[in-house]
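Trainee: Sharing a structure here in structure tokens format.
The values are calculated or read from the model by the stated rules, or taken from the named source; none is laboratory data. Source: prediction; values computed, not measured. Glycine gets a Cβ as well: all are built from the backbone with ideal geometry, and neighbour counts include every protein chain shown. To get the accessible areas, we keep the full protein, side chains included, count just its heavy atoms, and leave off ligands, DNA and RNA. Shrake-Rupley method; radii C 1.70, N 1.55, O 1.52, S 1.80 Å.
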There are 2 protein chains.
Amino acid sequence: MTSTDPTPRPAVRPTRQRRAVAAALAGFDDFRSAQEIHDLISRQGESVGLATVYRTLATLADAGEVDMLRNEDGEAIWRSCSDTHHHHLVCRTCGATVEVEGPAVERWTSAIATEHGYGDISHTLEIFGTCPACR
Amino acid sequence: MTSTDPTPRPAVRPTRQRRAVAAALAGFDDFRSAQEIHDLISRQGESVGLATVYRTLATLADAGEVDMLRNEDGEAIWRSCSDTHHHHLVCRTCGATVEVEGPAVERWTSAIATEHGYGDISHTLEIFGTCPACR
DNA sequence: AACATCGTGAGAATCGTTCTCATGTCGTCC
DNA sequence: GGACGACATGAGAACGATTCTCACGATGTT
Ligand SMILES: [Mn+2]
Ligand SMILES: [Mn+2]
Ligand SMILES: [Zn+2]
Ligand SMILES: [Zn+2]
């Protein structure tokens, strides 16, 4: 009783621009803004419109291939990530990022939510600090 | 060996505008944007400039009297809060908010940070869901 | 009352992000 | 390989939240 493909997605075409964004993402470990990523690409000689960078990042984020979070100024920052649920420990100074997991925290959030009658839960959790290299 | 006042703050003057913002904040429990708060004030017959609303909210946030967080669109939203460290369980539909505390989570975040050599830690944690009234 | 300082507001300016739409590219079927 | 419909791109305009400017008002202190 295997169900048929439930989502006949329009199919994402492999374009030069998308490859450029993917390549840029592969080149750093910390979180970068769309504009920084756009600059990185330009500096590598390629040309990709800023709007396309935004569109591509949004697509990748939907697909769960990149994480997007907001810095203290509210700007969206992005980086490629593993495909499992996780959170981040981010250096406030240099941006160095560690992916962290915490089953206990996951359990706690859903317990709290249930306790108050909330359903359909999601959560955001980011830890900021100063990394060993920046102390 | 009591030290002298380390911070001779300029003293915040009690103005009509600041009272209006405080009164507006007292009128709701959920998170609202600066513009919504500005509208609330106007609707109550008073007139306070939008820039002043922003300035007052920022001051109150610095003083720890209001919480500011960002919704999924990155907009800053605000509400008055208790003076102890806490997090929020927010209804995605109506905004109903519950303040929650979790000593275990606090311990976990600092443990994780220490484990990776990070210092001077802070963190953000928000839980979103659908409240009982909205299910 | 006079003065120094702080607060306010209207509108301009910022700036990240999204939208428009004419044009380019991809995949597919002949 | 040419034709075609769908998807993708980019330049610039448009948007929208937030901040800045600066002339003017309010506060509190002597
Ligand atoms: Mn989690
Ligand atoms: Mn906490
Ligand atoms: Zn660092
Ligand atoms: Zn609700």
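Trainee: Of all residues in region B:62-106 being open to solvent by 30 Å² or more (accessible area, probe 1.4 Å), under 20 Å from B:Q17 (Cα atoms) and within 16 Å of DNA strand C (Cβ to nearest atom), which is nearest to the other protein chains (Cβ to nearest Cβ)?
Mentor: B:D62
Trainee: Which residue pairs have Cβ atoms closer than 8 Å, lie 6 or more positions apart in sequence or on different chains, and pair a first residue in region B:107-122 that is open to solvent by 50 Å² or more (accessible area, probe 1.4 Å) with a second residue that is basic (K, R)?
Mentor: Pairs that qualify, where the first residue is open to solvent by 50 Å² or more (accessible area, probe 1.4 Å) and the partner is basic (K, R), are B:D120/A:R92.
Trainee: Could you check, for region A:127-135, whether at least one of its residues is at the interface with chain B (Cβ under 10 Å from one of its Cβ atoms), surrounded by fewer than 17 Cβ atoms within 10 Å (Cβ to Cβ) and among the polar types (S, T, N, Q)?
Mentor: Within region A:127-135, not a single residue is at the interface with chain B (Cβ under 10 Å from one of its Cβ atoms), surrounded by fewer than 17 Cβ atoms within 10 Å (Cβ to Cβ) and among the polar types (S, T, N, Q).
Trainee: I want to confirm something. Restricting to region A:9-58 and keeping residues that are farther than 23 Å from A:G74 by Cβ and hydroxyl-bearing (S, T, Y), which single residue is surrounded by the fewest Cβ atoms within 10 Å (Cβ to Cβ)?
Mentor: If we take residues in region A:9-58 being farther than 23 Å from A:G74 by Cβ and hydroxyl-bearing (S, T, Y), then A:S47 is surrounded by the fewest Cβ atoms within 10 Å (Cβ to Cβ).
Trainee: Just need a number here: residues in region A:113-126 that are facing chain B (nearest Cβ under 7 Å) and within 16 Å of ligand 4 (Cβ to nearest atom).
Mentor: Selection size over region A:113-126: 8.
Trainee: If I ask for residues that are free of Cβ contacts under 8 Å to residues at least 40 places away in the same chain, among the charged types (D, E, K, R) and in a loop (DSSP other than H, G, I, E, B), which ones from region B:64-91 would you list?
Mentor: Those that are free of Cβ contacts under 8 Å to residues at least 40 places away in the same chain, among the charged types (D, E, K, R) and in a loop (DSSP other than H, G, I, E, B): B:E65, B:E72, B:D73, B:D83.
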